[in-house]
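K.L.:
Got a structure for you, written out below as structure tokens; questions coming shortly.
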Amino acid sequence: MNDTQLPIWEVFHQEKRGAPHVHVGAVHASDEEMALRMAKEQFARRLECVSLWVVREEHVVRTNYDDPFFFARNTDKRYREVHGFPAPLKGKHSE
Amino acid sequence: MNKEQALQSYLLALADDELILGHRDAEWTGHAPLIEEDIAFSNIAQDEIGHAQSWLRVYESLTGTDPDTVAFLRDHNEFTCCHLVQMPKGDWAYTIVRQFFFDAAEIVRLGYLKQSVYDPIREIAVKIYPEEQYHLLHTQGNVERLGDATEESHRRMQRAVDEAFGQALGLFESIPGEDVLADENIVPDSKTIENEWLQFVVPVLKRSGLRSPVDETNGSGGTDVKSWYGGRQKEHTGHLKQIVTDMQQVYRMIPGAKW
């Protein structure tokens, strides 16, 4: 069997100007123009939208889930986390 | 026919084309060859039905009859849609070609209706024009790609063009009373729309590797293609009864029910 699937395009959606483009999913399409049209149909129908990006799936450079060291956090890194610092008592200055 | 009757006749013809095509498009929901196109055609179907509703609201303002009553309680032989929109959905190529022909006609017609001296028609035309622009972008994109993508896609698209072309010319059958409205610059003359439509679609088909039954230089005057007329005179194909019965079935069980 020949593979008759069209190429996959990752879709990034922007809700308003200046906001980040957020990855929302992917579409199949024959080329970039059709990919934008399909992305509009799938992801801009109910969501507010001012801009879409589409990127061929194979053009996304990605890390490998199986690399054992890349994201390793084997030592205590809590000092880097915001919740390492006690927050002031809630409501203390509110009145 | 006086101006008021002519307006009612024209609004019903516009609404019936949109309403029936919208329901034919909706027959692809769950069946289209790509999930993306499945959703796209469902969106387009809803848009067309929304356009029908807009025209029927103007009709309501003239007659007092609400859109649901007009859509769901009229017998099929009271509809004035053209034959193109009532044909079964056929294969995917037929659906794409039919929708392309329809969208191209809408763009030409709405271009004139945006200039109508009759406010309610002009206001709706301005509102729905961008949606039809988008539909045309979508369907024209599919025609241009499928027209010469593979041997099979070309063969099926060519068959669809041969089948749908004469049916599409039925979009431009004169609507009863339109001469009264055209004289007052409320609507364009159907022949004018047809000529502009031919000048637009024939070159697009050519670029897509598809033969038209007419060439762009001889226009409608020189064509031997039979135009499928009759729809505007309430003479229909057998397919209209089936789609209207399907469409009205639930409503007629409990007319006036609130959902």
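What follows is calculated from the coordinates using simple rules that are stated; it is not laboratory data. Remember, predicted model here, so these are calculated numbers, not experimental data. Every residue, glycine among them, receives a Cβ derived from its backbone with ideal geometry; neighbour counts consider all protein chains shown.
K.L.:
Once label points are set 7 Å from the Cα along Cα→Cβ at both residue A:51 and residue A:8, what is their separation, rounded to one decimal in nm?
P.N.:
Inter-label distance under the simple model: 2.6 nm.
K.L.:
In debye, nearest 20: dipole of region B:3-253 around its Cα centre with unit charges on the Cβ of K, R (+) and D, E (-)?
P.N.:
Charge dipole, region B:3-253, about its Cα centre: 320 debye, nearest 20.
K.L.:
If you line up the Cα atoms of region B:1-103 on their principal axes, what length do they span on each, largest first, in Å?
P.N.:
Over region B:1-103, Cα extents along the principal axes are 47, 23, 21 Å.
K.L.:
If the convex hull of the alpha-carbon atoms of chain B is projected onto planes in all directions, what is the mean projected area in square nanometres?
P.N.:
Mean projected area for chain B: 13.6 nm², to one decimal.
K.L.:
Taking a 21 Å limit on the Cα-Cα distance, which of the listed pairs B:114/B:191; B:114/B:206; B:191/B:241; A:40/B:127; B:234/B:258; B:3/B:114 fall beyond it? Intermediate results must be reported in sequence, preceding the final value.
P.N.:
Numbers: B:114/B:191 18 Å; B:114/B:206 29 Å; B:191/B:241 28 Å; A:40/B:127 19 Å; B:234/B:258 31 Å; B:3/B:114 19 Å.
As for pairs spanning more than 21 Å Cα to Cα, those are B:114/B:206; B:191/B:241; B:234/B:258.
K.L.:
Once the piece of chain linking residue B:29 and residue B:4 is laid out straight, how much longer is it, given 0.36 nm per residue of separation minus the C-alpha distance between them?
P.N.:
This chain segment gains 5.2 nm when fully extended.
K.L.:
Given just the C-alpha atoms of the protein assembly as shown, how large is their convex hull per residue in cubic angstrom?
P.N.:
241 Å³
K.L.:
So what's the gap between the Cα centers of region A:61-78 and region B:84-116, to the nearest angstrom?
P.N.:
55 Å
K.L.:
Roughly how many whole Å is it from the C-alpha centroid of region B:3-76 to that of region B:118-163?
P.N.:
Region B:3-76 and region B:118-163 have Cα centres spaced 17 Å from each other.
K.L.:
Now, a different point. Would you mind computing, in nm to one decimal, how far apart the modelled labels at residue B:229 and residue B:245 are, each placed 7 Å from Cα along Cα→Cβ?
P.N.:
Calculated label separation equals 3.0 nm.
K.L.:
Still on this model: Between residue A:76 and residue A:32, what is 0.36 nm times their sequence separation minus the Cα-Cα distance? Round to one decimal in nm.
P.N.:
So the extension gain works out to 11.3 nm.
K.L.:
Report relative contact order for region B:121-259 in percent, whole number only (criteria: Cα-Cα under 8 Å, sequence separation at least 6).
P.N.:
Averaging sequence separation for qualifying contacts and normalising by length gives 26 percent for region B:121-259.
K.L.:
Determine Rg/Rh for region A:8-84; Rg is computed over alpha-carbon atoms and Rh is the Kirkwood hydrodynamic estimate from the same atoms.
P.N.:
Using only Cα positions, Rg/Rh for region A:8-84 is 1.17.
K.L.:
Related question: How large is the helix-only mean residue ellipticity at 222 nm for chain B, computed as the sum of -39500 (n - 2.57) over DSSP H runs with n ≥ 4, divided by its residue count, in deg cm²/dmol to the nearest 500? Spell out each step's value before the answer.
P.N.:
Working: 10 runs with 171 residues, N = 259.
So the calculated ellipticity at 222 nm is -22000 deg cm²/dmol.
K.L.:
Given contacts defined as C-alpha pairs under 8 Å and at least six residues apart, what's the relative contact order of region B:9-146, whole-number percent? Please report the intermediate quantities before stating the final value.
P.N.:
Values: 136 pairs, mean separation 35.5, N = 138.
Computed value for region B:9-146: 26 percent relative contact order.
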